[in-house]
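Notes to accompany the following structure.
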Amino acid sequence: MMTHQPATENEIVVPELKQLLKQNTPAPLLVDVRESFEYEAGAIEGACHVPLSALEEDLGNQADLLKHFPEAVQVALTDQSSAQPIILYCKKGGRSMRALEALRAVSLPAGEDCQARSLAGGYEAWSSII
């Protein structure tokens, strides 16, 4: 079994995510940033799909970047009082870190208080443990 340790405070490991999902207070919002064919082949239950390629088209513009996300994710990203975690993931973790950096680069109102993190090891790590 593969285990992934978070390289930075911007990451979450699978066991920690599993615990968050069990606690359900508030439930994390899961965002799959892989391409459609990857998402369709399998995803974490309850995840919304926002491909990194779509986000990259609107880098640098907060309104355009946010429009790609469902309303619940937009609220969590922009409401300074939101404590709802957002977990971004891709196949191995690289694209989700780029998506996280893109979100932080547009100066979201939640700023440093934003609870968004990347899943260390991505969907591969999730699939190998779950």
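The values are calculated or read from the model by the stated rules, or taken from the named source; none is laboratory data. This one's a predicted model, so the numbers in the text were calculated from it and none came from an experiment. Cβ sites come from the backbone with ideal geometry, for glycine too, and all protein chains shown count toward neighbours. Protein only, heavy atoms only, side chains kept; ligands, DNA and RNA dropped before computing areas. Shrake-Rupley method; radii C 1.70, N 1.55, O 1.52, S 1.80 Å.
For this structure, a couple of remarks:
- Full extension of the chain between ALA27 and GLU9 gives 4.5 nm of extra length, using 0.36 nm per residue less the Cα-Cα distance.
- Global geometry of region 48-101, whether rounded, prolate or oblate, following the gyration tensor of its Cα atoms and the 1.5 cut on a/c: oblate
- Applying both filters, DSSP loop and at most 14 other Cβ atoms within 10 Å, to the trypsin sites (Lys or Arg not before Pro) of region 53-110 gives LYS67.
- Counting 0.36 nm for each residue step from ALA72 to VAL106 and taking away their Cα separation leaves a gain of 10.4 nm.
- In Å², nearest 10: area of CYS48 left accessible to a 1.4 Å probe: 30 Å²
- Cα gyration tensor, region 1-86 - rounded (a/c under 1.5), prolate or oblate: oblate
- Anisotropy class of region 23-130 from Cα gyration tensor, a/c 1.5 cut: oblate
- Computed from the Cβ-Cβ distance with R0 of 25 Å, the FRET efficiency linking LYS18 to GLN115 stands at 0.90.
- For the chain, the carbon plus sulfur part of the accessible surface works out to 48%, probe radius 1.4 Å.
- Cross-link reach list, aspartates and glutamates versus LYS18, counting only Cα pairs under 19 Å and skipping chain neighbours closer than eight places: GLU9, ASP32, GLU45, GLU124
- Its relative contact order, with pairs defined as Cα atoms under 8 Å and 6+ residues apart, puts region 1-85 at 23 percent.
- Cβ-based net charge around GLU101, under 13 Å, with every Lys or Arg adding one and every Asp or Glu removing one: +2
- Extension gain, LEU59 to GLU45: 0.36 nm times the residue separation minus the Cα-Cα distance gives 2.3 nm.
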